[in-house]
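Each value in this text was obtained by applying a stated rule to the coordinates, not by laboratory testing. Every value quoted in this text rests on a predicted model; they were computed, and no experiment measured them. Neighbour counts run over all protein chains shown; Cβ positions are idealised from the backbone, glycine included.
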Amino acid sequence: MEEDDFEYDITFPTSRNGNLDDAAGPVDDFDDFDDLRFDDESKEPETVVYLLGWAGCKDKYLAKYSTFYEKKASNIKYSMSCRCITIRYTAPTDITYFNPVELRNIAVKLLDLVPDYNLEESPVFFHVFSNNGCFVYSQISDILCSGEYERFNNLQIRGCVLDSAPGKRRITRAAYAFALASGKTGLFLHTTYIYILVYLFLTAIKTMICSTYYGKNYAGTPHTLYGRMKDDKSRWPQLFLYSKVDKVIPYTDSEEVMKYRSEVLKVSVESQCWDDSNHCQHLVKYRESYIANCYSFIDKYR
């Protein structure tokens, strides 16, 4: 769906008896939502999973994650007891890097989808990819924990899955990641990299100055993301999926956050670490293990 440059995809799952087809995109008949979101046998609310994509992520890639949430995946040792409604969204890199203040409005629009589609009774999970997904998620979490919007106070938030995230802001890696996400090649790729490198260096200085006046959680730039994710006020359970060979976000970053949130903040933390899968490529290399971890987490906390 597109509304004021806000694009997302929502998909309702096939019912267990096969009477309903998968419905992607906007659904206009709100009277049918109760039938779509309730399981035919149990009549319990369907679980909602927000999928927040990595930098440069195309919807066709994110849709692969929707598929195993929406319907039972084959050849998986662990089967999830429910099928999920999925909402897919990837924040444009020109917003996360150059206009992060807009992330607040995006977060509100995403949360509004729950009441808009009459899903207030549904358990809600977030599945977040890399720092780009964390940009949006951190704003969502802050909104929910602050009580700023009364209409969100009764949302049934149950947990968050973090894939290859969060990571400390390393200027050279961030600049290269943005350059790759831009889709440019050759000389244009290197020119973009240098431009972003200079931009991030200057905004890092700006952050240091602003933090002196506004505190360490100053949200004016993406440079404060790691600290915001580490000290996130939410206390719902978290599942970390990461790898020891991730060249974009070192595994030590994830483990530092996990340890702090588990030991200091007493958050329920679960994790799966693989030895040789690349950044945001764990599903590709370890499909069964990846899906089984997600299924188990959803079933445990829904």
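Remarks
- Applying both filters, DSSP loop and at most 13 other Cβ atoms within 10 Å, to the trypsin sites (Lys or Arg not before Pro) of the stretch 229-298 gives Lys233, Arg235, Lys244, Lys247, Lys266.
- Environment charge of Ser74, counting only residues whose C-beta is closer than 15 Å and scoring Lys/Arg +1, Asp/Glu -1: +4
- Span from the the stretch 54-120 Cα centroid across to the the stretch 237-296 one, whole angstrom: 18
- Long-range HN-HN contacts of Val49 with modeled amide H, under 5 Å: Ile85, Thr86, Ile87, Phe125
- Taking amide H atoms as placed 1.01 Å from N in the peptide plane, the amide H of Lys168 has no partner under 5 Å among residues 5 or more positions away or on other chains.
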